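Working notes, structure below.
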Amino acid sequence: MCAFAFCAVLALIPALAVAQAPPGGIKPAPGLPIQQGPPQQPIRVKVEVVSAPVVVRDAKGDMVTDLDQLNFKIFDNGVQQRIEHFDMGGDALSVVLLVETSSRVSVMLPAIRKAGIVFTQSILGDNGEGAVLSFGNEVRRVQSFTTNHDKIDKSIEKLTEDGSGSRLFDAMTEAVAMLRDRPVERRRIIVAISEAADAGSTAKLGMALRAAELENITIYTVGLSSAAAEWRTPLNGPTQAPEAPQGVMLGPPTPGLPQTPQTPGGPTAAGGVGAGDLLALGIWAVTNGMNLAKGHALEVATLATGGEHVPTRRDKSIEPALDRIGGELHAQYTLSYHPTDSSPGGFHEIKVLVDRPRTTVKTRPGYYLPLDDEKPVGQ
């Protein structure tokens, strides 16, 4: 009986040894190959729906508003897409209003407060919802999303100066995060009333625009002139202008993009910068996730997302600028599609054609998908 029990214990020893093996499994015997786990797959970002805002103008510059879906063709990286949703100014809006409250433009705040009613009536309209962010030294959520125009108007009326900072890029990033959670059937819009320069942001403009493109967000901007404001600054003297980010162009230009005054080897800025140059610069910023040289952030943000930049020189120009933006939003076509193949990383070009002669078409240039070795936006 004892001999039988001893044999049973011997039989259990291998099993006990396996149970007490150190974590990580048993090392293979010498000469045997080590089994590898399944290969790690690259991160892919799949775009479910792409929406393109489209404005069509005739030879006189007037908006063309009598087209239907059959008049349009849309291409993604040269491949024609099936238009799955078509609208002309009717889809409900979700709009975040960004207002600079730095000391450099504080003299313009009374005019901005007065213009709040134009924002609610002309831009939001009857079925739009709005939110308000202010930015100076800090980014502040003054009003969360609401359809109550009185609440929005009062929040704008209470805007006050907030130091010498101008965290425009941080405010854009916060606005994108707020709009990301809005229903997909709503048109997502950012309207920024600001100088062109940023001072103090930790976020990069290129990354903010990349995220906006992926969330189908269109950016409109009303440009404030800090130079004009300084002429009216009280006797304590002009405020210091924000410092532009330096050395933003790292390495050689991106292949396939035209040289611009901001890219190495490009022409000097003495002759000015055209919309084509700024568009190329915007694609560069989105592709590389970088900031831009001083003076063009607002224009680039609108070109990269299909919106419009309206510069102002005087206080009385702010209300007409907002009214102009509202007029475009409510007479704008929206084309939406599911990309047939959104897996290749890099910049995806969007192109819209209209079969109406002697017309011009404005839309967003495209969107950027991270490459295999990049993390998706927000991770």
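The values are calculated or read from the model by the stated rules, or taken from the named source; none is laboratory data. On a predicted model such as this, the values are computed, not experimentally measured, just so you know. Quick note on the areas: whole protein, heavy atoms, side chains included, nothing else; ligands and nucleic acids left out. Shrake-Rupley method; radii C 1.70, N 1.55, O 1.52, S 1.80 Å.
List of remarks:
- Taking all protein chains together and a 1.4 Å probe, the residues Arg82, Arg104, Arg186 rank Arg82, Arg186, Arg104 from largest to smallest accessible area.
- Ordered from highest to lowest accessible area with the whole protein assembly present and a 1.4 Å probe, Thr65, Thr218 read as Thr65, Thr218.
- Within the accessible area of the range 286-355, the carbon and sulfur atoms contribute 48%, probe 1.4 Å, all protein chains present.
- Using θ = phi - 60° in the Karplus curve 6.51 cos²θ - 1.76 cosθ + 1.60, the 3J(HN,Hα) couplings for the range 189-203 round to 10, 10, 10, 10, 10, 6, 5, 7, 9, 10, 9, x, 6, 9, 6 Hz; x is entered for Gly and Pro.
- Rolling a 1.4 Å probe over the heavy atoms of the protein chains gives the range 291-332 an accessible area of 39 Å² per residue.
- For the range 128-213, the fraction of 1.4 Å probe accessible surface lying on carbon and sulfur atoms is 43 percent.
- Using only Cα coordinates, the Kirkwood hydrodynamic radius of the range 143-211 works out to 13.8 Å.
- Per residue, the solvent-accessible area of the range 126-165 (1.4 Å probe, heavy atoms of protein chains only, all protein chains present) comes to 53 Å².
- Computed over protein heavy atoms with a 1.4 angstrom probe, the accessible surface ordering of Val79, Val139, largest first, is Val79, Val139.
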